[in-house]
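Scroll down for the structure; my scribbles are underneath it.
The values are calculated or read from the model by the stated rules, or taken from the named source; none is laboratory data. Predicted model, so just to flag it, every value in this text is computed and none were measured. A quick note on method: Cβ atoms are made from the backbone with ideal geometry, for glycine too, and the neighbour counts reach across all protein chains shown. The protein model used for the area step is the full one, side chains on, heavy atoms only, and it has no ligands, DNA or RNA in it. Shrake-Rupley method; radii C 1.70, N 1.55, O 1.52, S 1.80 Å.
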Amino acid sequence: RMKVSQSDLKAFFPCPRNWFFARLLRLDDDSLTGELSGPFDIGNINHKVLELFMKDCLLNRGGVLPVTQADGSFGSEERAIFEKLCRFAEESIADNAMSFHDSILSRLSFSCQKEAIARTVLSCLHGMCQQEGEKKLSFGGYGVFSAEGRYCADGQDGAWVYDGKIDCLLKDSLGNLVILDYKSGKAPGVADCVADDSGQLRDFQMPMYLKLCAAQTGSASVEAAAFYSIGGAKATVIMQPNEKRGRSRSVDREAFGETLAAFERYAARFYEKLQACDLAPSSDRRDFYNGVDTYTDCASCSFKTVCRTAFRVAGRKLRAE
């Protein structure tokens, strides 16, 4: 059966040709400049350090996160946690799955930065593990349900399989689950992750994760979902209980149901187009799912140099509409 991931859907809409280049042919950008590291390497290391910390909590802390004290630190645990993070930074840099692993100079360069990496993640944890407030979603003292767990769920009538990995699942004192997705760069906003009135959806991560959790976490219910900025040490909350929302643009679990329904329609469209071997982008912007605008979509596309559509970009600018 066909596997469908959130990154498949993100690449496929609005342009199936983008998915073909990125996900099937796996084309990479060429660079004429020599670089010690790529633009995502530090972010990947930070992400791995957080993963190792969460797994350590599962093994050595009874599955419970520490709680930030009033002074913004972890009190008597601060030094021990920092030393662990330094060790996890070393392990992450040495991980042979890292894209820079074959470069000795890159590994040496990152090794010199291990304490700075540990401090960045420690600052992130200070923000993440604050005491939960009546009107604030924070995760100090929450249980760690899973870290980097891979989940699967059946699609429409079992025709395809949703497949994905969730950075972190936490559990509150009532047994409800919280989805956390770490971000090294800018996190999607609520408007991107919640379907609009017409049913359009721009980011597929949170609905995908909820779909996966519903199939494989048993009786535990997901009541909150958020992106967490590692560098910014703050959450972008997409879904949370109504009593905590305040003036936030986030939605509660019931309202998110409309987004889940929209997500399933996108997945069905993806499946149908691939079954028909139809990867042609539509030049009609009125096409709900695959209407490609040759200026706004193609001008910023990393594959424009190998796609004929790119030659139409300047032409659109010259024509009066």
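Just to confirm the number: angle between the C-alpha axis of helix 205-216 and the first principal axis of the chain, 0 to 90 degrees, nearest 10?
The two axes meet at around 70 degrees.
Sum -39500 (n - 2.57) across every DSSP H segment of at least 4 residues in the chain, then divide by the residue count to get the 222 nm mean residue ellipticity, nearest 500.
So the helix-based figure for the chain works out to -11000 deg cm²/dmol.
What residue among 145, 74, 40 shows peak mean-square fluctuation when the chain is described by a Gaussian network model with Cα springs under 10 Å?
Among 145, 74, 40, the largest GNM mean-square fluctuation belongs to 40.
What FRET efficiency would be calculated for the residue pair residue 131, residue 157, taking the C-beta separation as r and a Förster radius of 51 Å, to the nearest 0.05?
After rounding to 0.05, the efficiency reads 0.65.
Round to the nearest 10 and give me the degree value, 0 to 90, for the angle of helix 257-275's Cα axis relative to the longest principal axis of the chain.
Relative to the chain, helix 257-275 is tipped by roughly 50 degrees.
Return the label of the correct value of volume of the Cα convex hull per residue in Å³, as calculated from the structure shown, out of [x] 170; [y] 148; [z] 196.
Answer by label: [x].
Write down the accessible area per residue of segment 80-173 in Å², having rolled a 1.4 Å probe over the full set of protein chains.
Per residue, segment 80-173 has 47 Å² of solvent-accessible surface.
Just check segment 70-174 against the gyration tensor rule for me: Cα atoms, a ≥ b ≥ c as the square roots of the eigenvalues, rounded for a/c under 1.5, and otherwise prolate or oblate depending on whether a/b exceeds b/c.
Verdict is oblate for segment 70-174.
Long-range amide H contacts for residue 238: which residues qualify at under 5 Å (H placed 1.01 Å from N, peptide plane, sequence gap of 5 or more or a different chain)?
The answer is 225, 226, 227.
Express the relative contact order of the chain as a whole percentage, based on alpha carbon pairs under 8 Å and six or more residues apart in sequence.
Rounded, it is 19 percent for the chain.
Taking amide H atoms as placed 1.01 Å from N in the peptide plane, list the residues 5 or more away in sequence, or in a different chain, whose amide H sits under 5 Å from that of residue 160.
The answer is 155.
Just for the chain, what percent of DSSP beta bridges are antiparallel, to the closest 5?
Antiparallel: roughly 65 percent of the beta bridges in the chain.
Sort 179-190, 201-212 for me by packing, meaning the mean count of neighbouring Cβ atoms within 10 Å per residue, highest on top.
Result, highest mean first: 201-212, 179-190.
Once phi is turned into ³J(HN,Hα) by the Karplus curve 6.51 cos²θ - 1.76 cosθ + 1.60 with θ = phi - 60°, what whole-Hz value does each residue of segment 172-179 show in order, with x for glycine and proline?
Each residue's phi maps through the Karplus curve to give 7, 5, 8, x, 7, 9, 10, 8 Hz.
Using amide H atoms built 1.01 Å from N in the peptide plane, name the residues 5+ places from residue 146, or on other chains, whose amide H lies under 5 Å from its own.
The answer is 169.
Hey, what angle do you get for helix 41-60 against the long axis of the chain, alpha-carbon based, 0 to 90 degrees rounded to 10?
That helix lies at roughly 50 degrees to the long axis.
Convert each backbone phi in segment 238-250 into a coupling constant with the Karplus relation 6.51 cos²θ - 1.76 cosθ + 1.60 (shift: θ = phi - 60°), then list the ³J(HN,Hα) values in order as whole Hz, x for Gly and Pro.
Calculated HN-Hα couplings, in order: 9, 9, 7, x, 4, 5, 9, 5, x, 8, 5, 7, 5 Hz.
Would you work out what percent of the accessible area of segment 232-278, with all protein chains in place, is carbon or sulfur (probe 1.4 Å)?
Here carbon and sulfur together make up 42 percent of the probe-accessible area.
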